[in-house]
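I have placed the structure first, in the form of structure tokens, so that the comments after it can refer back to it.
Derivation of every value follows stated rules applied to the coordinates shown; laboratory data play no part. Note that the structure is predicted; figures quoted are calculated from it, not measured. Positions of Cβ are backbone-derived with ideal geometry, glycine not excepted, and every protein chain shown enters the neighbour counts.
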Amino acid sequence: MRKMLPLMLIVTLAGCAAHSRQADIDSYTSKKINEIIENQVKPGNKDNPGEIIKNVSYQFLGTPYAANKLIGSPTEPEKLVIDFNGLDCFTFLDYVESLRKSSDQNDFVKNLIQTRYIDGKINFLQRKHFFTDWSTREKLNAKDVTDEISSSYIKITKSLNRKADGGEYIPGLGSIKRDIKYIPGDKVDDSVIKNLKTGDYIGIYTHLAGLDVTHTGIFIMTDHGPMLRNASSLAANKKVVDSPFLDYVKNKPGIIVLRAL
């Protein structure tokens, strides 16, 4: 376990919301933000976001898996959380996408607010709770390219946040009708791999009512073949790992593919 230094850095957020906000960033996270930006983002080719995503995400390999790190609910005020000590599959993507666009730590905080929240408003009900929010809700993080990856994609209309019994996963959010495109897992083959690009954001589609995905990760082509870089909750992992892509998705309902803008 990492020893946490007592220093807490207070980052003032200006111009990101109606009122100035503050985020507490521990010294480990602050140091890592600065190192990644200086060593991976600034030297990177801005015309090739996929390579920057690959290099940034590599810095998180081995980071422990930690669920429920974000603070906020329908009854608890939302707080901007920035913590690299433990990640779940979605905060992993939040941090990678925000870092790859940043020039310094303050820029990262501003980008994270835009990445995580609809219209940059720090509020629980404004969180981009669903993977496909990234390609449909402002500020857009990515483009849905699922139908460009394979002609075998399936399109279905889902009422996100609406459970099969009529209840809501997130009370107060309401039902969001959205067309979802996914490639069935048994159709993900070498031809699909050829059309994927390193840095593509991958959502593992679910047939469950009210949800679009149950897991997320990043497609990375490595010397050992195609991988899904993901914050894994599996007991055998419990950290950010590279999982062989085809083996991982072949028995899943399918994949949704978003590409960074």
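Okay, here's what the table says:
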{"quantity": "Kirkwood hydrodynamic radius of the chain, Cα pairs, Å", "calculated": "18.9 Å"}
{"quantity": "From the C-alpha gyration tensor of segment 21-67, square roots of 5λ in Å", "calculated": "22, 15, 10"}
{"quantity": "Nearest-20 debye value, the chain charge dipole, Cβ charges on Lys, Arg, Asp, Glu", "calculated": "240 debye"}
{"quantity": "Exposure proxy ranking, count of Cβ atoms within 10 Å, fewest first, for T136, T75", "calculated": "T75, T136"}
{"quantity": "Using distinct alpha-carbon pairs, which all enter the 1/r mean, Kirkwood radius of segment 8-131 in Å", "calculated": "14.8 Å"}
{"quantity": "Assigned charges on the beta-carbon of Lys, Arg, Asp, Glu; segment 36-150 dipole about Cα centre (debye)", "calculated": "180 debye"}
{"quantity": "Projected-area mean, segment 141-260, by convex hull of Cα positions, square nanometres", "calculated": "8.2 nm²"}
{"quantity": "Highest-first arrangement of 65-74, 244-253, where packing means the average Cβ count within 10 Å", "calculated": "244-253, 65-74"}
{"quantity": "Efficiency of FRET between D107 and K163 - r from beta-carbon atoms, R0 35 angstrom, step 0.05", "calculated": "0.35"}
{"quantity": "Filtered GluC sites (Glu not before Pro), segment 51-142: DSSP coil and at most 13 other beta carbons within 10 Å", "calculated": "E138"}
{"quantity": "Neighbourhood net charge (15 Å Cβ-Cβ; Lys/Arg +1, Asp/Glu -1) for D247", "calculated": "-1"}
{"quantity": "Cut-off 16 Å (backbone N to label point 7 Å along Cα→Cβ of S152), residues of segment 181-219", "calculated": "182-196, 205"}
{"quantity": "Using alpha carbons only: equivalent-ellipsoid semi-axes of segment 166-229, gyration tensor based, whole Å", "calculated": "29, 13, 9"}
